[in-house]
Amino acid sequence: MAIKILITGGTFDKEYNEINGELFFKKTHIKEMLELGRCKLNIKQQVIMLKDSLHMNTKDRQQILSACKSSKEKQIVITHGTDTMPETAKFLGKNLASLKNKTIILTGAMIPYKFGSSDGLFNLGSALSFAQSMPANIYIAINGKIFNWDNVKKNKKAGRFETLKRK
């Protein structure tokens, strides 16, 4: 069984310019992260974009959906910026019927991998584990927790993901 990793950018792949203090994208770090984590899974990677999720739009989300639909793999992990990850999860969730029983896990990091103290390595490993163990659906996996696509929000003040309060 292969797991497809669809790479969209986000904090996972940001780098730091020491001269001007800005974060930027150069290349994905996923291969390096998998090697560092000693991952022995059969992984197929596809870079869709390297983009800050705050700049994502419907066209970008359609591109992610299209990549999910065309993937032969039934287990998919999407690396994504945390700021709009719930919006992308909802977009995919609303198209769940067209995804043909795939388990799709979105994950990201609050701190860039290149900073050395990133939560990204843990989140990537967790997402790969959840992709193998969760039933077909759309999820967000972050900081050891798993959330359904229609019951999650990012609490920006607390810096964590939480379930929505149901009425």
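Observations, loosely collected:
- Inter-probe distance in nm under a simple model that places probes 7 Å from Cα toward Cβ, at LEU164 and LYS90: 0.6
- Using a Förster distance of 30 Å, the FRET efficiency for ASN101-ASN143 (Cβ separation, nearest 0.05): 0.65
- The mean sequence distance of close C-alpha pairs (under 8 Å, at least 6 residues apart), as a share of the length of segment 1-139, puts its relative contact order at 31 percent.
- Farthest towards the positive end of the charge dipole of the chain, among the residues MET134, ILE76, LEU41, is the Cα of MET134, using unit charges on the Cβ of Lys, Arg, Asp and Glu.
- In straight-distance terms, cross-link reach from LYS72 covers every one of the lysines whose alpha-carbon lies under 19 Å from its own, apart from those fewer than eight places away in the same chain; here that gives LYS4, LYS44, LYS100, LYS102.
- With both labels modelled 7 Å from their Cα along Cα-to-Cβ, the GLN45 to MET110 distance reads 2.6 nm.
- Peptides 126-138, 54-66 ordered by average Cβ neighbours within 10 Å, highest first: 126-138, 54-66
- Spatially proximal aspartates and glutamates relative to LYS154 (Cα-Cα < 14 Å; intrachain offsets below 8 disregarded): ASP83, GLU87, GLU162
- Between ILE43 and ILE3, the built amide H atoms are under 5 Å apart, and every one of these is 5 or more places off in sequence or on another chain.
- Whether segment 15-167 is rounded, prolate or oblate, judged on the alpha carbon gyration tensor where a/c under 1.5 counts as rounded: rounded
- By average C-beta atoms within 10 angstrom, highest first, the peptides 89-95, 155-161, 102-108: 102-108, 89-95, 155-161
- The fewest-to-most ranking of VAL77, VAL152 by surrounding Cβ atoms within 10 Å reads VAL152, VAL77.
- Assuming charge only on the beta carbon of Lys and Arg (+1) and of Asp and Glu (-1), the dipole of the chain about its Cα centre is about 700 debye to the nearest 20.
- In this calculation the C-beta distance from LYS157 to GLN132 is compared with R0 = 41 Å, giving a FRET efficiency of 0.80.
- Computed label-point distance, nm, for sites ASP150 and PHE24 using a 7 Å Cα→Cβ extension: 4.3
- Multiplying the residue separation of ASN57 and SER117 by 0.36 nm and subtracting their alpha-carbon distance yields 18.6 nm.
Any read-out appearing in this document is the output of simple, stated calculations on the displayed coordinates, not a laboratory observation. Keep in mind that what you see is a predicted model, and the values were worked out from it rather than measured. Virtual Cβ from ideal backbone geometry, glycine too; neighbours counted across all protein chains shown.
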